[in-house]
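These notes are about the structure you will find just below.
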Amino acid sequence: MKPENEQISLLVLGVSGGAGHVYHGDCSSSFLILKNDEPLVLVDLGLGVIQALKYYVYSLPETVVITHNHTDHAGELPVVLRVEESLGRRLNIMAAAPVSERLQRHRMAEHAELYQPGELASWISPEPETCIPLVDDLSITFHAAQHSELCFGFVISRSNGTGKIPLIGYTGDSGYLPSLYEKISCCLVSIFDARPKGNQWHAGMEELDAFLNKCILKGHAYIIGHGVDVQNIPEHDRMMRPGQIIHIPEID
């Protein structure tokens, strides 16, 4: 069972793509996992994320999960790792092994003449479909997505003494991929990538809509997507909005 008075929640930092930040100053797609309103895990570190953390008055947690190496999901990583290292902090960067290799080889290349990636962070690089500890009593399993860059969604679970309860599922950026959706939809909060007009690399909202109704908790299935007018999303719509807080449902 969940310890008494303990609340896990998500703060949506941004829902934009790389162009949304470069041309309009919007925060890239990212969310912060909180435990009793304290930062626990950051998911993705694209352009604008650190400023969003400051805007919502939250600190950068020790553990960062990266889904893939696109700029809107990992663009701030090299600068942040160098700055935090200079302040005496060594962040834990967790990504599926194929993504971790690309991050260290390519994303971190701007520091190559001065630092090796392992000097600036602790890299935790599990193989896909392998459950490993995340933080506290949480664990994470990465699952392959369908995207133009190697990308892995994930399921974050919590031990309840007799097994693991899937709390948070996120597809990362992905085209329509039912095999991935089956895993994500088993979570208490399920987050799916979709766009108003889908393509091979991003599911379309219409093709995803029927699947959302199959989620274990229909009221806790959400869409995170670029190209939507976040100022006019209805309060109870499935589209995630910057500043939105999503509470993980109580576990009996």
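The values are calculated or read from the model by the stated rules, or taken from the named source; none is laboratory data. Note that the structure is predicted; figures quoted are calculated from it, not measured. Positions of Cβ are generated from backbone atoms using ideal geometry, with glycine treated the same way; all protein chains shown enter the neighbour counts. Each accessible area value is taken on the protein alone, full model and side chains, heavy atoms only, with ligands, DNA and RNA left out. Shrake-Rupley method; radii C 1.70, N 1.55, O 1.52, S 1.80 Å.
Name every residue in segment 126-147 that is free of Cβ contacts under 8 Å to residues at least 60 places away in the same chain, open to solvent by 20 Å² or more (accessible area, probe 1.4 Å) and in a loop (DSSP other than H, G, I, E, B), in order of residue number.
Those that are free of Cβ contacts under 8 Å to residues at least 60 places away in the same chain, open to solvent by 20 Å² or more (accessible area, probe 1.4 Å) and in a loop (DSSP other than H, G, I, E, B): Glu127, Pro128, Glu129, Thr130, Cys131, Asp137, Gln146.
Name the pairs: first residue in segment 208-228 and within 16 Å of Ser28 (Cβ to Cβ), second residue surrounded by fewer than 15 Cβ atoms within 10 Å (Cβ to Cβ), Cβ to Cβ under 8 Å, at least 6 apart or on different chains?
Matching pairs, first to second residue: Gly225/Pro196; Gly227/Pro196; Gly227/Lys197; Val228/Pro196.
Counting only residues that are loosely packed, with under 13 Cβ neighbours inside 10 Å and either at pLDDT 75 or above or on the phi > 0 side of the Ramachandran plot (or both), how many does segment 219-242 have? Full working, then the answer.
Filtering segment 219-242 down to residues loosely packed, with under 13 Cβ neighbours inside 10 Å leaves 219, 229, 231-232, 234-237.
Applying the additional criterion that residues be either at pLDDT 75 or above or on the phi > 0 side of the Ramachandran plot (or both) yields 219, 237.
The qualifying residues number 2.
Looking only at segment 51-65, count how many residues are within 20 Å of Tyr23 (Cα to Cα), small (Gly, Ala, Ser) and open to solvent by 40 Å² or more (accessible area, probe 1.4 Å).
Going through segment 51-65 one residue at a time, the tally reaches 0.
Step by step: first the residues of segment 163-190, then only those that are out of contact with any strand residue (DSSP E or B) (no Cβ under 8 Å at 6 or more places or on another chain) and farther than 16 Å from Cys131 by Cβ, then the one that is most open to solvent (accessible area, probe 1.4 Å). Which residue is that?
In the first step, residues of segment 163-190 are kept if they are out of contact with any strand residue (DSSP E or B) (no Cβ under 8 Å at 6 or more places or on another chain); the result is 163, 175, 177-179, 182.
Then drop every residue that is not farther than 16 Å from Cys131 by Cβ, which leaves 175, 177-179, 182.
Values: Gly175: 0, Leu177: 35, Pro178: 55, Ser179: 70, Glu182: 103 Å².
For segment 163-190, the residue satisfying everything is Glu182.
Which residue is farthest from Gln146 (Cα to Cα), if the candidates are limited to segment 105-120 and must be open to solvent by 60 Å² or more (accessible area, probe 1.4 Å) and part of a helix (DSSP H, G or I)? Explain how you work it out, then say what you get.
Of segment 105-120, the ones open to solvent by 60 Å² or more (accessible area, probe 1.4 Å) are 105-106, 110, 113-114, 116, 119.
If we keep only those that are part of a helix (DSSP H, G or I) too, we end up with 105, 110, 119.
On the way: Arg105: 22, Glu110: 28, Glu119: 32 Å.
Restricting to residues being open to solvent by 60 Å² or more (accessible area, probe 1.4 Å) and part of a helix (DSSP H, G or I), the top hit is Glu119.
Which condition breaks for His68 when tested against (1) within 21 Å of His21 (Cβ to Cβ); (2) open to solvent by 10 Å² or more (accessible area, probe 1.4 Å)?
Condition (2) is where His68 drops out.
Tell me which of these Ser179 doesn't satisfy, since it passes every other one: (1) small (Gly, Ala, Ser); (2) farther than 25 Å from Ile245 by Cβ; (3) touching a Lys or Arg at 6+ places or on another chain (Cβ under 6 Å).
Tallying (1) small (Gly, Ala, Ser); (2) farther than 25 Å from Ile245 by Cβ; (3) touching a Lys or Arg at 6+ places or on another chain (Cβ under 6 Å), Ser179 fails exactly one: (3).
Can you tell me which of (1) at pLDDT 85 or above; (2) touching a helix residue (DSSP H, G or I) at 6+ places or on another chain (Cβ under 8 Å); (3) open to solvent by less than 50 Å² (accessible area, probe 1.4 Å) is the one Met205 doesn't meet?
So Met205 meets the others, but not (2).
Does segment 171-223 hold any residues that are of a type in the set (Phe, Trp, Tyr) and within 19 Å of the chain's Cα centre (by Cα), and which are they? Reasoning before the result, please.
We begin by selecting, within segment 171-223, every residue of a type in the set (Phe, Trp, Tyr); these are 176, 181, 192, 201, 211, 222.
Within segment 171-223, Tyr176, Tyr181, Phe192, Trp201, Tyr222 qualify.
Looking at segment 88-109, which of its residues are over 13 Å from Ala121 (Cβ atoms) and among the hydrophobic types (A, V, I, L, M, F, W, C)?
Ala96, Ala97, Val99, Ala109, listed by residue number.
Using the structure shown, decide if Leu10 is among the aliphatic types (A, V, I, L, M), touching a Leu at 6+ places or on another chain (Cβ under 9 Å), open to solvent by 10 Å² or more (accessible area, probe 1.4 Å) and under 21 Å from Phe154 (Cα atoms).
On the way: among the aliphatic types (A, V, I, L, M): yes; touching a Leu at 6+ places or on another chain (Cβ under 9 Å): yes; open to solvent by 10 Å² or more (accessible area, probe 1.4 Å): no; under 21 Å from Phe154 (Cα atoms): yes.
No.
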